[in-house]
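One structure below.
The values are calculated or read from the model by the stated rules, or taken from the named source; none is laboratory data. Please read all numbers here as calculations on a predicted model, not as lab measurements. Virtual Cβ from ideal backbone geometry, glycine too; neighbours counted across all protein chains shown. To get the accessible areas, we keep the full protein, side chains included, count just its heavy atoms, and leave off ligands, DNA and RNA. Shrake-Rupley method; radii C 1.70, N 1.55, O 1.52, S 1.80 Å.
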Amino acid sequence: RLVRPDVPIPRTATAIHGIADATVADAPTVAAVLPEVAEFVAGCVVVGHNIGFDLAVLAAEARRTGVAWGMPPSLCLLQLVDVLEPGWTNLDLDSLAAHFAVPVTGRHTALGDALVTAELYIRLLPRLAAAGVATWGEAAALAARSRRARRLQAAAGW
């Protein structure tokens, strides 16, 4: 869902994702959408590339707007790949998509990035199985072993 941030969208951001102030002029506020997001992810594990960033943004917006938010369980593909392929130097979403031959459409949009991430996760499942990972808990424990990705994420503040 698009939301109206009620602050001007910087041109540099618009250049990346194509969303401008006019695009969201009639969109609901984040406070109106957060309860829908919370309901949507309830009972689910949220999987994403650098998903901690997205969840930190949602949590910060919930605090800012006074909306109740419970952090859902998550699984970070960046951390997983960092552990499964410790020699790889390029772990950004575009590089992973290229390595796994995942087509990229709508990059830097919520739907486009989610579809790429879903395909990457599907392609990681055989590697996870080969590593003896069969549950979310096991996958989360494996991801937690990532030193490089977790260090970068902590330095970024999430």
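Restricting attention to the range 100-118, the residues that are open to solvent by 70 Å² or more (accessible area, probe 1.4 Å) and part of a helix (DSSP H, G or I) total 3.
Annotation note: Cβ proximity below 7 Å between a residue of the range 75-93 that is polar (S, T, N, Q) and a residue that is at pLDDT 90 or above (sequence gap 6+ or interchain) occurs for Gln79/Ala143; Gln79/Ser146.
When Cys44 is tested against (1) over 30 Å from His99 (Cα atoms); (2) outside any helix (DSSP H, G or I), just one condition goes unmet, and that condition is (1). Trp88 meets each of the listed conditions (1) among the aromatic types (Phe, Trp, Tyr); (2) over 18 Å from the mean Cα position of the chain (by Cα); (3) surrounded by 17 or more Cβ atoms within 10 Å (Cβ to Cβ) apart from (3).
Kindly indicate whether any position in the range 119-134 is in contact (Cβ under 8 Å) with a residue 60 or more places away in the chain and open to solvent by less than 30 Å² (accessible area, probe 1.4 Å). Checked the range 119-134: at least one residue is in contact (Cβ under 8 Å) with a residue 60 or more places away in the chain and open to solvent by less than 30 Å² (accessible area, probe 1.4 Å).
Of everything in the range 145-158 that is open to solvent by 50 Å² or more (accessible area, probe 1.4 Å) and either closer than 11 Å to Leu77 by Cα or of a type outside the set (Gly, Ala, Ser) (or both), the residue that is modelled with the highest pLDDT is Arg145. Does Ile16 satisfy the condition of being part of a helix (DSSP H, G or I) and modelled with pLDDT under 95? So Ile16 fits the description; yes. Report yes if Val7 is surrounded by fewer than 11 Cβ atoms within 10 Å (Cβ to Cβ), more than 29 Å from Ala141 (Cα to Cα) and at pLDDT below 95, otherwise no. Answer is yes for this residue.
Checking the stated criteria, Thr105 turns out not to satisfy the condition of being farther than 23 Å from Arg148 by Cβ, touching a strand residue (DSSP E or B) at 6+ places or on another chain (Cβ under 7 Å) and not aromatic (Phe, Trp, Tyr). Checking each residue in the range 19-41 for being in a helix (DSSP H, G or I), open to solvent by 30 Å² or more (accessible area, probe 1.4 Å) and closer than 21 Å to Val67 by Cα picks out Ala31, Ala32, Pro35, Glu36, Val37, Ala38, Glu39, Phe40.
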